[in-house]
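Trainee: Structure incoming, see below.
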Amino acid sequence: MKQLRLKVLAGLFVVAGILSWGAARLWDSVGTLPSVPLAAPVVLAVIAVVLTATALSIRARLRAQRERRPGAKGVEPLMAARAVVFGQASALVAALVAGLYGGVGVFLLGSLDVPARRDQALYAAAAVVAAFGVIAAALFLERVCKLPEDDDKGRAPAA
């Protein structure tokens, strides 16, 4: 599997942020800007917790397997691959969501004197922070599931 690149995540974040900011400006000039849901940062935080718990579980199982503890459950390669795909997909979506809510949040910075807009800006900022938590947890999960590199050939050893 290819490792997730930070440049891709940063690019998604920036492009989504710029498009979201422009769309928020346009939408606000035409009508009422849709509100940022309070559930957005909560759902993203739950996803980050699930990713972190998955990574910690796999890491503990791999450590027990390496130390040859009696009764240690190993990690099946397919399960590890599924976990990595789940982490990578979550990181990509989180970068996109962080850009979208970041763009809306930047647009809302101009009207913080309105209490409703201030609350929306806070929800957007919390969603961006939670999305970065998802990205960090996904990168941690990917690191835990990574096979050691074979120095001679530059690829993972055959099982």
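The values are calculated or read from the model by the stated rules, or taken from the named source; none is laboratory data. What you are looking at is a predicted structure, and each value in this text was computed from that prediction instead of being measured. When we count neighbours, we look across all protein chains shown, and the Cβ atoms used for this are built from the backbone with ideal geometry, even at glycine. The area values use the complete protein model at the heavy-atom level, side chains included, leaving out ligands, DNA and RNA. Shrake-Rupley method; radii C 1.70, N 1.55, O 1.52, S 1.80 Å.
Trainee: Just the residues that are surrounded by 11 or more Cβ atoms within 10 Å (Cβ to Cβ) and not in a helix (DSSP H, G or I), please, taken from segment 75-89.
Mentor: If the condition is that a residue be surrounded by 11 or more Cβ atoms within 10 Å (Cβ to Cβ) and not in a helix (DSSP H, G or I), then Val75 is the only one that fits.
Trainee: When you go through Leu51, Leu92 one by one, which is the residue that is under 30 Å from Gln120 (Cα atoms), buried (at least 19 other Cβ atoms within 10 Å of the Cβ), touching a residue at least 40 places away in the same chain (Cβ under 8 Å) and not acidic (Asp, Glu)?
Mentor: So the residue among Leu51, Leu92 that is under 30 Å from Gln120 (Cα atoms), buried (at least 19 other Cβ atoms within 10 Å of the Cβ), touching a residue at least 40 places away in the same chain (Cβ under 8 Å) and not acidic (Asp, Glu) is Leu51.
Trainee: Still on this structure, I have one more. Among (1) closer than 18 Å to Glu142 by Cα; (2) free of Cβ contacts under 8 Å to residues at least 12 places away in the same chain; (3) open to solvent by 100 Å² or more (accessible area, probe 1.4 Å), where does Arg66 come up short?
Mentor: Against the list (1) closer than 18 Å to Glu142 by Cα; (2) free of Cβ contacts under 8 Å to residues at least 12 places away in the same chain; (3) open to solvent by 100 Å² or more (accessible area, probe 1.4 Å), Arg66 comes up short only on (1).
Trainee: Can you give me the number of residues within segment 113-142 that are modelled with pLDDT of 90 or more and among the charged types (D, E, K, R)?
Mentor: Total satisfying the criteria: 3.
Trainee: Suppose we filter Gly11, Gly22, Gly110, Gly71 for residues that are outside any helix (DSSP H, G or I) and surrounded by fewer than 18 Cβ atoms within 10 Å (Cβ to Cβ); which single one remains?
Mentor: Being outside any helix (DSSP H, G or I) and surrounded by fewer than 18 Cβ atoms within 10 Å (Cβ to Cβ) holds for just one of Gly11, Gly22, Gly110, Gly71, which is Gly71.
Trainee: Look at Ala16 and say whether it is out of contact with any Gly (no Cβ under 6 Å at 6 or more places or on another chain) and surrounded by 14 or more Cβ atoms within 10 Å (Cβ to Cβ).
Mentor: no
Trainee: I need every pair where a residue in segment 1-24 that is farther than 8 Å from Ala95 by Cβ has its Cβ under 6 Å from the Cβ of a residue that is open to solvent by 70 Å² or more (accessible area, probe 1.4 Å) and not small (Gly, Ala, Ser), sequence separation at least 6 or different chains.
Mentor: Final answer for the pair search is Ser20/Leu100; Trp21/Val106.
Trainee: Still on this structure, I have one more. If Arg61 satisfies all but one of (1) within 19 Å of Glu142 (Cβ to Cβ); (2) at pLDDT 95 or above, what's the number of the condition it fails?
Mentor: (2)
Trainee: If you take the residues of segment 25-48 that are among the β-branched types (Val, Ile, Thr) and not in a helix (DSSP H, G or I), which of them is most open to solvent (accessible area, probe 1.4 Å)?
Mentor: Thr32
Trainee: Next up: If I filter segment 113-148 down to residues being open to solvent by less than 80 Å² (accessible area, probe 1.4 Å) and among the charged types (D, E, K, R), which single residue comes out as nearest to Ala89 (Cα to Cα)?
Mentor: Result: Glu142.
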